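Novice: Quick one: the structure is below, questions incoming.
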Amino acid sequence: MKRVVFITASEVFRDEEYYKPKQALENAGVEVITASTKIGELVGKFGFKATSALLIENVSSNDFDAIVFIGGGGASVFFDNESALSLANDFFKQGKPTAAICIASVTLANAGVLKGKKATVFVDGKESLIKAGALYTGKPLEIDGNIITANGPEIAEDFGKAILKALN
């Protein structure tokens, strides 16, 4: 069974950017584990509740087949988080799907994995991606090698399907 880790803020993550990709993956038999800065209940922008089973610093790329950074205002806690940046690099270097939706693409940019890669982000993160050397496209969904980025909640379902395709 494939295993994917979702890196999710403890609060103000974007609800549909979490549950739509998670549902797409789980419906295909993929196990999704949520990690955050705390263990236990996480609360989305609109009140959706998720459960973190792991602290981000305890996530190992050896235990998962892909990593997904979930967006929303709370995602900024990972922009300069040493564990988040290190994980993005580990998954990317191992050729595993390394994905981010909405503003969470800034974490991938700050990790250095978007340099020379086509990528997208919520409009507020555009300059961060360009500064990091990404080839910003502004498209709703962008796939470049093992990097998958999406620009917001409207594309969350297709984002989940793209991750699933990359796993198979």
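The values are calculated or read from the model by the stated rules, or taken from the named source; none is laboratory data. Values in this document were obtained by computation on a predicted structure and should not be read as measured data. With ideal geometry, Cβ positions are generated from the backbone for all residues, glycine too; neighbour counts draw on all protein chains shown. Please note that ligands, DNA and RNA were not included when accessible areas were found on the heavy atoms of the full protein model with its side chains. Shrake-Rupley method; radii C 1.70, N 1.55, O 1.52, S 1.80 Å.
Novice: Assess whether Ala100 counts as being touching a residue at least 40 places away in the same chain (Cβ under 8 Å), buried (at least 24 other Cβ atoms within 10 Å of the Cβ), in a strand (DSSP E or B) and out of contact with any Pro (no Cβ under 9 Å at 6 or more places or on another chain). Even if it seems obvious, please write down each step before you answer.
Specialist: Details: touching a residue at least 40 places away in the same chain (Cβ under 8 Å): yes; buried (at least 24 other Cβ atoms within 10 Å of the Cβ): yes; in a strand (DSSP E or B): yes; out of contact with any Pro (no Cβ under 9 Å at 6 or more places or on another chain): yes.
For Ala100, the condition - touching a residue at least 40 places away in the same chain (Cβ under 8 Å), buried (at least 24 other Cβ atoms within 10 Å of the Cβ), in a strand (DSSP E or B) and out of contact with any Pro (no Cβ under 9 Å at 6 or more places or on another chain) - is met.
Novice: Scan the stretch 96-151 residue by residue and report those that are on the phi > 0 side of the Ramachandran plot and under 13 Å from the mean Cα position of the chain (by Cα).
Specialist: Within the stretch 96-151, the first condition is being on the phi > 0 side of the Ramachandran plot, and the residues that meet it are 102, 112, 116, 133, 138, 145.
The answer is Cys102, and nothing else.
Novice: Out of all the residues in the stretch 74-85, is one or more surrounded by fewer than 16 Cβ atoms within 10 Å (Cβ to Cβ) and free of Cβ contacts under 8 Å to residues at least 24 places away in the same chain? Reasoning before the result, please.
Specialist: Of all residues in the stretch 74-85, those surrounded by fewer than 16 Cβ atoms within 10 Å (Cβ to Cβ) come to 80, 82.
Checking the rest, the ones that are also free of Cβ contacts under 8 Å to residues at least 24 places away in the same chain come to 82.
Yes.
Novice: If I filter the stretch 86-97 down to residues being without any contact (Cβ under 8 Å) to a residue 60 or more places away in the chain and open to solvent by 10 Å² or more (accessible area, probe 1.4 Å), which single residue comes out as nearest to Ala9 (Cα to Cα)?
Specialist: Quick first cut of the stretch 86-97, residues without any contact (Cβ under 8 Å) to a residue 60 or more places away in the chain only: 86, 88-96.
With open to solvent by 10 Å² or more (accessible area, probe 1.4 Å) added as a condition, the list becomes 86, 89-90, 92-96.
Working: Ser86: 17, Asn89: 19, Asp90: 20, Phe92: 21, Lys93: 24, Gln94: 24, Gly95: 25, Lys96: 22 Å.
Residue satisfying both the conditions and the ranking: Ser86.
Novice: List the residue pairs whose Cβ atoms are under 9 Å apart, where the first residue sits in the stretch 143-157 and is closer than 18 Å to Val4 by Cα, the second is open to solvent by 30 Å² or more (accessible area, probe 1.4 Å) and part of a strand (DSSP E or B), and the two are 6 or more positions apart or on different chains.
Specialist: Ile143/Lys118; Ile147/Lys118; Ile148/Leu141; Thr149/Lys118; Thr149/Leu141; Thr149/Ile143; Ala150/Leu141
Novice: State all residues of the stretch 142-161 that are part of a helix (DSSP H, G or I) and open to solvent by 10 Å² or more (accessible area, probe 1.4 Å); if no residue qualifies, say none.
Specialist: Residues of the stretch 142-161 part of a helix (DSSP H, G or I): 153-161.
Within the stretch 142-161, Pro153, Glu154, Ile155, Glu157, Asp158, Lys161 qualify.
Novice: Further, regarding this structure: Filter the stretch 113-132 down to the residues that are outside any helix (DSSP H, G or I), touching a residue at least 24 places away in the same chain (Cβ under 8 Å) and open to solvent by 30 Å² or more (accessible area, probe 1.4 Å) and list them by number. Don't jump to the end; show me each part of the working.
Specialist: If we filter the stretch 113-132 for residues that are outside any helix (DSSP H, G or I), which is where we start, we get 113-122, 132.
Adding the requirement that they be touching a residue at least 24 places away in the same chain (Cβ under 8 Å) leaves 113-114, 117-122.
Within the stretch 113-132, Lys117, Lys118, Phe122 qualify.
Novice: For the stretch 27-34, indicate whether the set of residues that are in contact with a Lys or Arg (Cβ under 6 Å, 6 or more places away or on another chain), closer than 18 Å to Ile101 by Cα and without any contact (Cβ under 8 Å) to a residue 40 or more places away in the chain is non-empty. Even if it seems obvious, please write down each step before you answer.
Specialist: Our first condition is that a residue be in contact with a Lys or Arg (Cβ under 6 Å, 6 or more places away or on another chain); within the stretch 27-34, this holds for 30-32.
Narrowing the set further to residues that are closer than 18 Å to Ile101 by Cα leaves 32.
Those left that are additionally without any contact (Cβ under 8 Å) to a residue 40 or more places away in the chain: 32.
Yes, the stretch 27-34 contains at least one residue that is in contact with a Lys or Arg (Cβ under 6 Å, 6 or more places away or on another chain), closer than 18 Å to Ile101 by Cα and without any contact (Cβ under 8 Å) to a residue 40 or more places away in the chain.
Novice: Could you run through the stretch 46-64 and say how many residues are crowded, with 19+ Cβ neighbours inside 10 Å, of a type outside the set (Ser, Thr, Tyr) and within 29 Å of Ala132 (Cα to Cα)? Working first, answer last.
Specialist: Here is the first cut: in the stretch 46-64, the residues crowded, with 19+ Cβ neighbours inside 10 Å are 50, 52, 56, 59, 61, 64.
Filter again for of a type outside the set (Ser, Thr, Tyr), leaving 50, 56, 59, 64.
So of that shortlist, the ones also within 29 Å of Ala132 (Cα to Cα) come out as 56, 59, 64.
Total satisfying the criteria: 3.
Novice: Only one residue in Thr149, Thr98 is farther than 19 Å from Lys38 by Cβ, touching an Asp or Glu at 6+ places or on another chain (Cβ under 6 Å) and at pLDDT 95 or above. Which one?
Specialist: On the way: Thr98 fails: touching an Asp or Glu at 6+ places or on another chain (Cβ under 6 Å).
Testing whether each residue is farther than 19 Å from Lys38 by Cβ, touching an Asp or Glu at 6+ places or on another chain (Cβ under 6 Å) and at pLDDT 95 or above leaves just Thr149.
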